[in-house]
1. Summing -39500 (n - 2.57) over the DSSP H runs of n ≥ 4 in the chain and dividing by its residue number, what mean residue ellipticity at 222 nm do you reach, to the nearest 500 deg cm²/dmol?
2. With a point put 7 Å past each Cα toward its Cβ, work out how far Thr340 is from Ala223 in nm, to one decimal.
3. How tilted is helix 320-338 with respect to the longest principal axis of the chain? Cα atoms for both, answer in degrees (0 to 90, nearest 10).
4. Are there any trypsin sites (Lys or Arg not before Pro) in the stretch 290-347 that are in a DSSP loop and have at most 12 other Cβ atoms within 10 Å? List them by number.
5. HN-Hα J couplings of the stretch 257-271 from phi, Karplus 6.51/-1.76/1.60, θ = phi - 60°, integer Hz, Gly and Pro as x?
6. Based on the mean of other Cβ atoms within 10 Å per residue, sort peptides 230-237, 396-403 so the most packed one is first.
7. Give a residue-ordered list of calculated ³J(HN,Hα) values for the stretch 197-203 (Karplus: 6.51 cos²θ - 1.76 cosθ + 1.60, θ = phi - 60°; whole Hz; x for Gly, Pro).
8. For volume of the Cα convex hull per residue in Å³, which listed value, (1) 242; (2) 134; (3) 165, comes from the coordinates shown?
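What follows is calculated from the coordinates using simple rules that are stated; it is not laboratory data. Quantities reported herein were computed from a predicted structural model and do not represent experimental measurements. Here the Cβ positions follow ideal geometry from the backbone for every residue, glycine too, while neighbour counts run over all protein chains shown.
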Amino acid sequence: MRPWLGLLIVGLGTLLAPLDTAVNIAFPSITRAFQLPLEDIRWVVIAYVLTYASLMLACGRLGDLVGYRPIFQIGLLLTGLGLSTCAVAPTYPLLLGGRALQGIGIALTLSCGPALATSLLGEAMRTRALAFYAGVIAIGGALGPIVGGLLVASWDWPAVFFFRVPIAVLALALSPLIAVPAQARSLRGFDATGALLLTLWLGALLIAFAALPGSRDASLPLALIGLSLAAFVAVRWHERRVAEPVIRLALFRDPSFALLNAVNVIANFAAFGVLLLVPYYLALIRGLSPAAGGAVLAVSALGAVAGSWLADRLNRRLPLGMLALAGFALNLAGLAAISTWTEASSLAVIAGSLAVQGTGIGLFQVGYSDYVTGSLPLKDRGVAGSLTMLTRTVGVVLGATGLSAAFTLLEGTARRGLLPAEAAFVAGFQGTFRAVALALAVVLALSLLHPRLWRLRA
């Protein structure tokens, strides 16, 4: 019972990240409160996600060296402080600062969460541990919009940050009960230079992609891309000169390993369109209250719970690659269905589309995570878990930037065509999801040219 108790505590702390979907349902309220154009709301996502994405690998390596539980605990503390800052922020810049602090905490927490889960249950039950972990993330994603909708309706947008502070405090108080196997604890061997270069490389690249769509002057994004390329070259040069780098980029010389990580980025890029644009569709086109809109949006996350459960049941019968393929195809089908929504679409059609899409992303995520985790040595379990979360997060950052830019362009074109505001919104909404579905279809077709990818086993 003790390992499962520890797993539940890890799950409680991990909930702080997926419950951030509560913020998505508050997007319309935040844009009104700070008088922001729709495209600027992406910085609420980017300030948070970019921070933890750029730090994730370094934090995972720290966990491998000094212990997963203490890094997890520090992450809980900083996440609680960041959420408190967001909740009381009187200005938009301070809100973004709180989101960055929250991102640091989540980087520490998520980087060690999968490693804690698998170490508690052992290698024989690795898939079950990862399915449980993915299920917790999906459950949090499902609860976030529902709880967020109720909180926004009652106490406005600050409540979507405040309600998670007690969760952080409780998880931190219970965390000494996580009975992890003994680890040698020493910072000796931590590649601080490599960690700094990795953070610079990822941070500069993601900021460049985030800034490019809204930038009137391309010189800053281009300079950031140049800085990122220089940092990447420095990472490769440095990696050859240290015994234990943060992550060995040579892993990506395996085409299957590299491709599956790239596919995870693309799958999550596309899936983020649901969290970014569907809340606005439900509020503006269907006229649903925040609570009702949150309940509908939660169907996607409930589908992800079902997909995680299904992956655990099928993992002994099918290769992990086949699980990932089935999940990718369902994600594509759901997003294609969303692209057909109109002002008259029934709630049954809306819920069905979201359920298919969510089941697909849940199924894909477990198959992908299990393969990557099994591909790295046991001593690098923190880095393995961080890599799975990092590729997912890169997809979210690119989605927040690319999809908001695509929607703004398509909606603006429709408005210039003299369509009414609601019709222009639907045109932009449909066009964005059609483009996303088409991109996934192209990726799926190209991936079938590499058949070994979908037959992978851990």
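1. On the way: 17 runs with 348 residues, N = 458.
Roughly -26000 deg cm²/dmol at 222 nm, from the helical runs in the chain.
2. In this crude label model, Thr340 to Ala223 measures out at 4.9 nm.
3. 10
4. Values: sites: Arg313, Arg316, Arg317; in loops: Arg316, Arg317.
Passing both the DSSP loop test and the Cβ count: Arg316, Arg317.
5. These are the phi-based 3J(HN,Hα) values: 4, 5, 5, 5, 5, 5, 5, 5, 4, 5, 4, 7, 4, 5, 5 Hz.
6. Working: 230-237: 15.6, 396-403: 24.0.
Highest-to-lowest ranking by the protection proxy: 396-403, 230-237.
7. Values, residue by residue: 5, 4, 4, 5, 4, 5, x Hz.
8. Evaluating volume of the Cα convex hull per residue in Å³ on these atoms matches (2).
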